[in-house]
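Derivation of every value follows stated rules applied to the coordinates shown; laboratory data play no part. Values in this document were obtained by computation on a predicted structure and should not be read as measured data. Note that we place each Cβ from the backbone using ideal geometry, even for glycine, and neighbour counts take in every protein chain shown.
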Amino acid sequence: MKKFMALAIAFALSLSFVGCGDSSANESAGSTDQINNEASEQEHSDNDEKLKISIAQFAEHGSLDNCREGFIDGLKEEGFEEGKNIEIEYQNAQADMGAANQIAQNFVNDKADLICAIATPMAQACYNAADGTDIPVIYTAVTDPVAAELSNENKLSEKNATGTSDKLPVEQQLKMIRAFMPEAKKIGILYSTSEVNSETAIEQYKEKAGEYGFEIVESGVNQSADIPMAAADIASKVDCITNLTDNTIVSNLAVVLDAAEKASIPVFGSEIEQVKNGCVAAAGLDYIELGKLTGKMAASVLKNEKKANEIEYEVISQSNVYINSQALDKFNLSVPDDMKESVIEAE
Amino acid sequence: MAITLSILEQGLIYAVLALGVYITYKILDFPDLTVDSSFPLGAAVSAILITKGLNAYLCLIVSFLAGAAAGLTTGIIHVKFKVRDLLSGIITMTMLYSINLHIAGKANLPIFNSENIFSISPLKDYLGGFNTLFIIFLVVLAAKLVLDWYLKTKSGYLLRAVGDNPTLVTSLSKDNGTVKIIGLVIANALVSLSGAVMCQQQRFFEISMGTGAIVIGLASVIIGINLFKTASFLKPTTAVILGSVVYKACVAIAISFGLSATDMKLITGALFLAVLILGNLGKGKKSNA
Amino acid sequence: MLELRNIKKIFNQNTVNETTVFDNFNLSVKKGDFVSVIGSNGSGKTTMLNIICGSLPIEGGEIIIGDRNLTGQKEYKRYKNIGRVYQNPSLGTCPSMTLLENMSLADNKGKIYGLGRGTDKKRINYYKQLLSRLNLGLEDKLYVKVGLLSGGQRQAVALLMSTMTPIDFLILDEHTAALDPKTAEVIMQLTRELVIEKKITAIMVTHNLKYAVEYGNRLIMMCDGKAIIDKSGKEKEEISVDDILDTFNKISIEKGN
């Protein structure tokens, strides 16, 4: 008897919590399921038929959120609009690997028409889950698709996948720092050992730093709790700090800024969100643009123009310099004359 | 159908981990946090060896042994240096984090383009979509049968006795410490094996994949033991395996109903608590004895 | 058989709570002796047992059993030739294992606990035979978990288990104290039978003066870490419960209780 009660309560519990969640979203998601199931058996011309686009995002994070927004915009520009001809389902794994796998699996089980996977681990989880099905996986915010084995050296995927890479514009960043700080010698970089993208980026920095007369001092942390010490330590050794897109460090940006301010050195960001939050400047990718580009790739797959594995993954090379004037003033830095035209104030 | 298949796959992979946690938590009464790192340890070992071209099945064995070494470390810290159980696990877990990074070489190591235990299965062509499940099932079955057999040996008897009544083990002129170490070795070997299978199934190693592994293990054990307590024809090991599948099913159902991962831990905790309250008998009985 | 030489035991040494339990304590037990030990709380009875078994370290002195010097040896090693039954019936058995598994465990004492089958099927009849002499109906409960047995049944099993393999020395640590009078009587009978039958040297700590007088061939009364009464042989046979009570009262008066 007891075990039945236990089972019943366990299930009731999980269901009731679901109920507390975004109930309107559930309803719409549920109803789309039905529509799609019915519709998929009919011809594509049917007006009621909507394609199911499932977005799987690894973590909650300014840049990743921008990617998602951009992706939706990109689809829209190509004529795929939510509620009209597509339905979008979105799930976030909150940086939990187990949840990421489960979400990927669920999207595949629900027979999504296309999966958009945001950030490397999510891309890998979806890539694996969709293997053996004909569901295309379009990834974005993957720093190095080749290292992540999502693509081969020719920028094409072995499976039904493609996407965009958010490789940091390292050279532009170095050039920008040199322009702002002609005297600086050492640049400090904090990264977390758990993020593979950060290691790749540091290698790039080390490779290029010499050309601009810099020396890179890096310091790895294993967890958020290590950041205050590591930041204080590195701030005392360098002329400025530059950030990567390292999730752990970016989430603790305030701590890094605080340590840098105590040592009277500026912190350069790697994207606009960080500049908004107090970094002096960044030669950053526009993640909305990156998302849009991804959305357009997805659109061409949806239109059956090309298969995902026939599309090379793309890297956006163009970057903007974002500045935070208030922060610049704090460190007596000013925008070099030749950049005054092109910089964008981050607000 | 597809969702059932994925629940069974995931549930059974974690069932191997749950069997390990069953040994430490239920038999040894040892809260072993090593699990959070021995799970990715198995994955790291498997991933790196696969990229080096070792046979995927042999990788499982090496992962199993690596896990055994992790358990041995926790055991020695606890028994020989007299560090408290919880702390010994935490110490090994912390150290293993770095070691895992060193083993894999980086925080994320994909093996999409390499062979794995599923792709080289000789039965692949016959089983089609069930190939993965079948291989996982074989691993779980092997782990369960070997564990069942072991618990019926003299050494296994002693292991069961040590968590139950360490005084008796001393009276039998056996060192409690050695027996505990053996238990931890077997438990973490199983956990690591589970990590290895997981890594080969998801086809990449990710350093964060062990986060919360102990919770999954504990939940599976508690759900399994409490739900199937009245079904006395089931061996505890079978109950634990079923517990793992039930747990994964709850999670999968929750997600497919649109539950966000934000609330996931809350649900996990609530589910955990509900089963504990409903079945708050197992441990109670034991201490009244 | 057992020699305790110049034992020194201090609790909480070098703290304000420092208490000396034994200072130069000596005890010698002959082979085949059955010694009853009585004494008020805090007199050092149980501490003595713990010192013999190694559950407590000592600050000085030597412990010798037979030709083995146990001083400083690890607790579990000492139990090679020692059996012990505790006051708490659950300490002598494994509650979550069946009676048969418990018996099998005890039967293997002194041998290697390897990967052989835990229970030797050929021994089951022997176990049944052992259990049937308890007259508790336990021979039919081989597959019952010991945790489900009563305290008296468990204590009987614990006694059987501790004497199953050849041991030199049996320690009975108030082993009837937690039982009802009738069961206690049964357990005491069984103890006597086993000790005589297996020619085991035994030390029994008890609060029950009647048992102390009735059983065994030597009686020791302890007070403040010393043996204030030590009678054996004929002298022991002549001693009565009243004599002991007198001594108890005298001590109490001296101590001002």
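Over the whole of A:190-203, what's the average partner chain Cβ count within 10 Å per residue? Rounded to a whole number, please.
3
What is the ratio of the Cα radius of gyration of the protein assembly as shown to 2.2 N^0.38 Å, where N is its residue count, to two decimals?
The value comes to 1.21.
Which of the chymotrypsin sites (Phe, Trp or Tyr not before Pro) across the stretch A:103-144 are loop residues per DSSP, with 11 or fewer other Cβ within 10 Å?
Taking the stretch A:103-144 and a limit of 11 other Cβ atoms within 10 Å, no loop chymotrypsin sites (Phe, Trp or Tyr not before Pro) are found.
Please compute the average number of Cβ atoms from other chains found within 10 Å of each residue's Cβ in peptide C:87-95.
So the per-residue partner count for this stretch is 5.
How many nm is it between the label spots at C:Asp230 and B:Ala142, if each spot is 7 Å from the Cα in line with the beta carbon?
6.5
Could you state the number of Å between the C-alpha centres of the stretch C:144-202 and the stretch A:290-347?
Between the Cα centres of the stretch A:290-347 and the stretch C:144-202 lies a distance of 83 Å.
Which far-off residues, 5 or more places away or on another chain, put their amide H under 5 Å from the one on C:Gly60, with H placed in the peptide plane?
C:Lys8
At 20 angstrom or more along the helix axis (alpha-carbon based) and mean Kyte-Doolittle of -0.5 or higher, what helices does chain B contain? Whole DSSP H runs only.
Counting only whole DSSP H runs, the qualifying helices are B:2-21, B:35-51, B:56-79, B:85-104, B:131-151, B:176-202, B:213-227, B:236-256, B:261-278.
Just from its helices, what would the mean residue ellipticity at 222 nm be for chain C, if runs of 4 or more DSSP H residues each count -39500 (n - 2.57) and the sum is divided by every residue, rounded to the nearest 500 deg cm²/dmol?
Taken over chain C, the calculation gives -10000 deg cm²/dmol.
To the nearest whole number, what is the average tally of beta carbon atoms from other chains within 10 Å of the beta carbons of peptide C:70-78?
Mean shielding by partner chains, rounded to a whole number: 3.
Around C:Thr163, what is the net charge, scoring Lys/Arg as +1 and Asp/Glu as -1 over all other residues with Cβ under 14 Å from its Cβ?
Around C:Thr163, the surrounding residues sum to +2.
Distance check, please: which entries in B:Lys52/B:Lys80; A:Lys296/B:Lys106; C:Lys122/C:Lys198; C:Lys80/C:Lys141; C:Lys9/C:Lys111 exceed 26 angstrom between their Cα atoms?
B:Lys52/B:Lys80; A:Lys296/B:Lys106; C:Lys80/C:Lys141; C:Lys9/C:Lys111
Provide the net charge surrounding A:Val335, with neighbours chosen by a C-beta distance below 12 Å and charges set as Lys +1, Arg +1, Asp -1, Glu -1.
Every neighbour counted, the sum reads -4.
Under 15 Å Cα-Cα from B:Lys235, which aspartates and glutamates qualify once same-chain neighbours fewer than 8 residues away are excluded?
B:Asp148
When only C-alpha pairs under 8 Å and at least 6 residues apart count, what is the relative contact order of the stretch A:233-347, in percent?
Averaging sequence separation for qualifying contacts and normalising by length gives 24 percent for the stretch A:233-347.
Simple spin-label model, 7 Å along Cα-to-Cβ: C:Lys77 to C:Leu148 in nm?
For C:Lys77 paired with C:Leu148, the spin-label model returns 4.1 nm.
Which longest run of chain B has no exposed loop site in it, a site being trypsin sites (Lys or Arg not before Pro) in a DSSP loop with at most 11 other beta carbons within 10 Å, and the site itself not part of the run?
The longest uninterrupted stretch comes out as B:85-289.
Using θ = phi - 60° and the Karplus relation 6.51 cos²θ - 1.76 cosθ + 1.60, list the HN-Hα couplings for the stretch A:280-290 in order, rounded to whole Hz, with x at every Gly or Pro.
Using θ = phi - 60°, the values come out as 5, 6, 8, 8, x, 6, 8, 5, 4, 4, 4 Hz.
So how tilted is helix A:253-262 from the main axis of chain A? Cα-based, degrees 0 to 90, rounded to 10.
Rounded to the nearest ten degrees, it is 10.
Compute the label zone of B:Ser119 within the stretch B:46-90: residues whose backbone N is under 20 Å from the point 7 Å along Cα-to-Cβ.
Flagged as within label range: B:46-63.
Suppose R0 equals 45 Å; then what is the FRET efficiency for B:Asp29 and A:Glu69 from their Cβ-Cβ distance, rounded to the nearest 0.05?
Efficiency for this residue pair is about 0.30.
Rounded to the nearest 500, what is chain A's calculated 222 nm mean residue ellipticity when only DSSP H runs of at least 4 contribute -39500 (n - 2.57) each, over all residues?
-13500 deg cm²/dmol
Using the beta-carbon distance between C:Glu214 and A:Val343 and R0 = 60 Å, what value does 1/(1 + (r/R0)^6) give for FRET efficiency, to the nearest 0.05?
Step by step, r from the Cβ atoms, then E = 0.05.
In whole Hz, with x marking every Gly and Pro, tabulate ³J(HN,Hα) for the stretch A:227-242 from phi via Karplus 6.51 cos²θ - 1.76 cosθ + 1.60, θ = phi - 60°.
Computed from phi, the couplings for the stretch A:227-242 are 5, x, 5, 4, 5, 4, 5, 5, 4, 7, 10, 10, 8, 6, 10, 10 Hz.
Give the calculated FRET efficiency between B:Asp175 and C:Lys8 to the nearest 0.05, with a Förster radius of 35 Å applied to their Cβ-Cβ distance.
Calculated value: 0.85.
Using the alpha-carbon atoms, what tilt in degrees (0 to 90, nearest 10) does helix A:97-109 show relative to the longest principal axis of chain A?
Between the helix axis and the principal axis of chain A, the angle is about 40 degrees.
Enumerate the lysines that A:Lys276 could reach by cross-link, defined here as Cα to Cα under 19 Å, with residues fewer than 8 away along the same chain left out.
Within the straight-line cut-off, A:Lys276 pairs with A:Lys330, A:Lys340.
Among B:Val162, B:Val221, B:Val185, determine the one that fluctuates most according to a GNM of chain B built with springs between C-alpha atoms less than 10 Å apart.
B:Val162
Name the residues of the stretch C:1-24 whose amide N is less than 14 Å from a point 7 angstrom out from the Cα of C:Asn69 along the C-beta direction?
C:3-6
Please return the longest range in chain B lying between exposed loop sites, taking chymotrypsin sites (Phe, Trp or Tyr not before Pro), DSSP loop only, at most 10 other beta-carbon atoms within 10 Å, and leaving the sites out.
Counting only loop sites that pass the neighbour cut-off, the longest clear stretch is B:82-232.
What distance in nm separates the simple spin-label points at B:Trp149 and C:Gln189, each placed 7 Å from Cα in the Cβ direction?
About 4.7 nm separates the two model spin labels.
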